[in-house]
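First the structure, in the form of structure tokens, and then the observations on it.
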Amino acid sequence: MANQSTLETGAQENLQGLQELSGGQKLAIHYFTVAMVLFMAQLLFGLLAGLQFIMPGFLYNVLDFNVNRMVHINAMIVWMLYGFIGSVYWFLEDESGVPIVGLPLGRLAFWVLTVAVTVVILVFLLVQIGSGTSSSIWFINEGREYIEAPRWADIGIVAVMLVFLYNVAATFAKGKWSGIAGVLTLDLIALAGLYLAGMFFVTNISVDQYWWWWVIHLWVEATWEVLVGCIMAWSLMTLLGVRRKVVQTWLYIEVALMFGSGILGLGHHYFWIGTPEYWLTIGGFFSALEPIPLVAMVVHSIYDAGVHRFKNSNHPALAWIIAHAFGNFLGAGVWGFMHTLPQINLYTHGTQWTASHGHLAFFGAYATINIAFFYLAVQRVRGNCWMGADLPGNGWKWKWSMLLLNLGVMGMTVALLIAGYEQSFIERAVEGSTWMGYFAAQNHPWFVQAMHWRMVFGVMTMLGGILLFWDLLTIGKGETRKAPAIGAQ
Ligand code: HEM
Ligand code: HEM
Ligand SMILES: [Fe+2]
């Protein structure tokens, strides 16, 4: 009985909390929900692809490795974009001081995008093989890693991004502009514009790759980094009450450094694809500078949290923001720097070293900040309840899920790094990049063992993900203490 009444109070609080949300925040909850579901799908397909490394016959001709891998990384890009869009809708009204302009259009865009994503994933799973023709580019698969969505969906995605941009720019224009608002709007224009570089087809593979990297590299190492800079600036004000002047000054410095190094840092993908040799120098030099803004971000967030004595009423959100600062620095900064000089990349290019960096960077930089935002949102949904110290059960769910997710991804990263080191050594250095060398490296015990360890830590990551999902559905239910207001600005 007692349980029953707690559940009922929980449901009532939920309802009340939801009603108190602004229009933008309600829309954000929609985005966050789909993001979490796609995150789970990402992990599931990652596990299937990982299993196929050690059991090559597993699901062969039913759900092939290339399909699992594609769904794994596409689901990742899409859930992170959902998370970012949701985060911006979440704070848009607070930041601008007015209701969102054109919100019904924004709601429609959400449904259009969600239907498109569902259809694209179903087609990926149902039409796994076939010839590549101009109609397959339009309707099935565009064939560019990470952005395989067919062209009809591309056009839909661009339309949805334009609606989003309109919501953001028109709302700030009607209300008040701030430093964060200005940086955010310009960044979103760049983010939407760059997507166009991945939408056309060029028969020369070098030229095709050249443009494809404009989306991939310039997104994750320039526009996405700036976007999370804005999101983090806003959340530090809300969570800790950091003064606006402080976060905006940091934001400007970080953005200048990020664009200063990240734009020409693009050259680290132009070493071996048939582009002119000057990219070796440009790419090596500028990408080596890329970790600097990431160090600035660590200093910034730890400094702010320290000044405010880590006092806040949402411990999971703050913990994930700190995980973001370190994860971004480690995954992108340190793991990126390791293989970014052409002298080293000659040996490591396209090995599991790359996958090691890819996992830690995407998780550390972007999964973390999204999860932090999910917790910020869930707190308001549950009636702005207390989520600081002394949670019922000592908050074991968020703590364990955080531990399992971080240990799991770190464990996979180290396993892949060992495999990548072995490949660079045996396949490249010893065997001189021959076909024989490739197989010698793939069959070496260090490689095989690393693939098994990746699965162990992959399962750990999945368990962390499930626990996170459960925690987001339950944390704060039945909590009667309110979070005290924080004097931001
Ligand atoms: C959050 C930011 C970042 C993310 C999410 C990220 C993610 C990735 C991913 C997924 C790849 C593999 C791409 C592929 O499939 O071919 C990659 C490649 C690469 N990244 Fe990053 N990265 C980030 C930042 C950085 C930074 C700051 C550096 C350098 C300091 C860097 C250096 C590299 C290099 C050199 C490669 C090419 C690896 C190869 O030759 O195979 N990355 N990155
Ligand atoms: C359940 C745990 C996971 C498993 C078992 C797993 C497994 C895999 C596998 C087998 C691949 C293909 C690698 C290859 O082609 O050699 C892959 C690629 C990738 N995964 Fe995961 N993954 C997991 C979780 C994650 C997470 C949490 C993230 C980031 C948030 C992530 C990001 C990526 C990226 C960016 C790539 C492409 C890397 C590249 O192009 O080099 N994965 N994953
Ligand atoms: Fe890059």
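For the set K245/K397; K399/K482; K176/K399; K174/K477, the pairs lying more than 27 angstrom apart at their alpha carbons are K245/K397; K176/K399; K174/K477.
Database remark: amide H of E142 closer than 5 angstrom to the amide H of A149 (H placed geometrically; neighbours at sequence offset of 5 or more, or on other chains; Pro and chain starts carry no H). From most to least packed by mean Cβ count within 10 Å, the peptides 122-129, 154-161, 403-410 give 403-410, 154-161, 122-129. Simple spin-label estimate for W453 and K176 gives 5.3 nm between the two label positions (7 Å along the Cα-to-Cβ direction from each Cα). Under the simplified labelling scheme, the T474-L105 pair shows an inter-label distance of 4.3 nm, with each label point 7 Å from Cα along Cα→Cβ. Between V299 and M338, the modelled labels are 2.5 nm apart [label points 7 Å from Cα along Cα→Cβ]. On a per residue basis, the convex hull of the C-alpha atoms belonging to the range 21-177 measures out at 104 Å³.
For the chain, the mean residue ellipticity at 222 nm estimated from helices alone is -24000 deg cm²/dmol, where every DSSP H run of n ≥ 4 contributes -39500 (n - 2.57) and the total is divided by all residues, rounded to the nearest 500.
Can you bin the range 379-489 into rounded, prolate or oblate? Criterion: square roots of the alpha carbon gyration tensor eigenvalues sorted a ≥ b ≥ c, rounded for a/c under 1.5, prolate for a/b above b/c, oblate for the rest. Cα axes put the range 379-489 in the prolate bin.
Relative contact order of the chain, taken over Cα pairs closer than 8 Å and 6 or more residues apart, is 17 percent. Eigenvalues of the alpha-carbon gyration tensor of the range 288-378, scaled by 5 and square-rooted, set the equivalent ellipsoid semi-axes at 30, 15, 7 angstrom, largest first. Proximity of backbone amide H atoms, modeled 1.01 Å from N, is registered between C385 and A483 at under 5 Å, excluding neighbours fewer than 5 places apart on the same chain. Between helix 23-54 and the chain there is an angle of about 30 degrees, using the helix long axis and the longest principal axis of the Cα atoms.
When the P(r) of the range 85-134 is calculated, the portion above 14 Å amounts to 68% of the C-alpha pairs. Think of each Lys and Arg Cβ as +1 and each Asp and Glu Cβ as -1; about the Cα centre, that makes the dipole of the range 220-311 roughly 620 debye.
Calculate the all-directions average of the projected area of the chain's alpha-carbon convex hull, and give it in nm². Result: 23.1 nm². Going by alpha carbons, how many degrees (0 to 90, nearest 10) lie between the helix axis of 103-126 and the longest principal axis of the chain? That helix lies at roughly 30 degrees to the long axis. Peptides 111-121, 455-465, 301-311 ranked from most to least packed give 455-465, 111-121, 301-311, packing being the mean of other C-beta atoms within 10 angstrom over each peptide's residues. Here the contact order of the range 313-478, divided by its residue count and restricted to Cα pairs under 8 Å and six or more residues apart, works out to 29 percent. Relative to the longest principal axis of the Cα atoms of the chain, helix 352-361 runs at roughly 10 degrees.
In this structure, D94 and Y166 have a Cβ-Cβ separation that, at R0 = 30 Å, corresponds to a calculated FRET efficiency of about 0.95.
Read-outs: derived from the displayed coordinates by stated rules, not from any lab. All values derive from a computational prediction rather than experimental measurement. Using ideal geometry, Cβ is built from the backbone for each residue, glycine included, and neighbour counts are taken over all protein chains shown.
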